Amino acid sequence: MDHVRTTKPVRDTIERLEALGDADPITLGMMLHAFGPTSFVPALMVPSLLVVSPLSGIPLFSTICGLSIALIAMQMLFARRSVWLPEVLLRRHVRRSQLHAALQRMHGLADRLDRVSRDRFRVLVQPPGDRLPKAMCVVSGASMPLLELVPFSSSILGMAVLSCSVAFIARDGLLVFVGAGFMAMASAIPIYVLTSFGG
């Protein structure tokens, strides 16, 4: 698995997406192709960034990102050699102007994540401990289609996956705990909504 080590993993991923060619619209397949077929962690980071961005407001967008995250993370769990997604997901697209506007708004978050991440608690980001954050990403991604109609929940789960992605690249196991916190927060939202309607 190619973790593409860098001191600014989130900012570098955003800049790679911003540097895509002149195609319009831009497909998910084009975004993943920019990192190569064996770069699982950047492939996991791309849909998590997108679902955290304002693009998550597009109908069914969170579902597409969630399914992509779940499939990529599952392949990481089973140590597949290259990233595979079905064509129906790879063909999903956004307008170039929408993508760039959304990514511009992600720069601040990217810089904060890159600034706080560092090498620590490696036990959670290397075998066998790394199976926990990979499983967390599977669960987070698979839950996004179910929570499509619950405001903010998909973006919060996206933050959980993004935290785990940065943890893998920066070898920062502490971010796995941060990801778990976002998962707990996301699970509390539908419970709160159901309780409010029930009351």
- Message: With of a type in the set (D, E, K, R) and in contact with a Gly (Cβ under 7 Å, 6 or more places away or on another chain) as the only criterion, which of R131, R112, R120 stands out?
- Response: R120
- Message: So in the stretch 102-122, with the set limited to residues that are charged (D, E, K, R) and touching a residue at least 24 places away in the same chain (Cβ under 8 Å), which one is surrounded by the most Cβ atoms within 10 Å (Cβ to Cβ)?
- Response: D114
- Answer from L99, L32 - the residue that is open to solvent by less than 40 Å² (accessible area, probe 1.4 Å), farther than 18 Å from G141 by Cβ and outside any loop (DSSP other than H, G, I, E, B): L99
- Task: Say whether the condition of being open to solvent by 50 Å² or more (accessible area, probe 1.4 Å) and among the aliphatic types (A, V, I, L, M) is met by at least one residue in the stretch 11-19.
- Result: yes
- Query: Pairs, please: C-beta under 7 Å, at least 6 apart or cross-chain, first residue at pLDDT 90 or above and in the stretch 21-43, second open to solvent by less than 20 Å² (accessible area, probe 1.4 Å) and among the aromatic types (F, W, Y)?
  - Reply: V41/F168
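So is V125 open to solvent by less than 30 Å² (accessible area, probe 1.4 Å), modelled with pLDDT of 95 or more, touching a Cys at 6+ places or on another chain (Cβ under 8 Å) and of a type in the set (V, I, T) or not? So that I can check it myself, show each step before the final result.
On the way: open to solvent by less than 30 Å² (accessible area, probe 1.4 Å): yes; modelled with pLDDT of 95 or more: yes; touching a Cys at 6+ places or on another chain (Cβ under 8 Å): no; of a type in the set (V, I, T): yes.
No; evaluated as a whole, the condition is false for this residue.
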- Message: Condition first: more than 28 Å from L149 (Cα to Cα), in a helix (DSSP H, G or I) and open to solvent by 40 Å² or more (accessible area, probe 1.4 Å). Can you find one or more residues in the stretch 53-66 that meet it?
- Response: no
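Does the stretch 131-144 include one or more residues that are of a type in the set (A, V, I, L, M), farther than 24 Å from S39 by Cα, touching a residue at least 40 places away in the same chain (Cβ under 8 Å) and surrounded by fewer than 21 Cβ atoms within 10 Å (Cβ to Cβ)?
Quick first cut of the stretch 131-144, residues of a type in the set (A, V, I, L, M) only: 132, 135-136, 138-139, 142, 144.
Next, from what is left, pick out any that are farther than 24 Å from S39 by Cα: none.
No, because not a single residue in the stretch 131-144 is of a type in the set (A, V, I, L, M), farther than 24 Å from S39 by Cα, touching a residue at least 40 places away in the same chain (Cβ under 8 Å) and surrounded by fewer than 21 Cβ atoms within 10 Å (Cβ to Cβ).
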- Query: Taking the condition assigned to a helix (DSSP H, G or I), more than 22 Å from G66 (Cα to Cα) and of a type in the set (A, V, I, L, M), does V123 pass?
  - Reply: yes
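The values are calculated or read from the model by the stated rules, or taken from the named source; none is laboratory data. As the structure is a prediction and not an experimental result, all values here were calculated from the model. Counting neighbours? That spans all protein chains shown, and the Cβs are built from the backbone with ideal geometry, glycine included. Remember, those area values only see protein heavy atoms, side chains included, never the ligands or the DNA or RNA. Shrake-Rupley method; radii C 1.70, N 1.55, O 1.52, S 1.80 Å.
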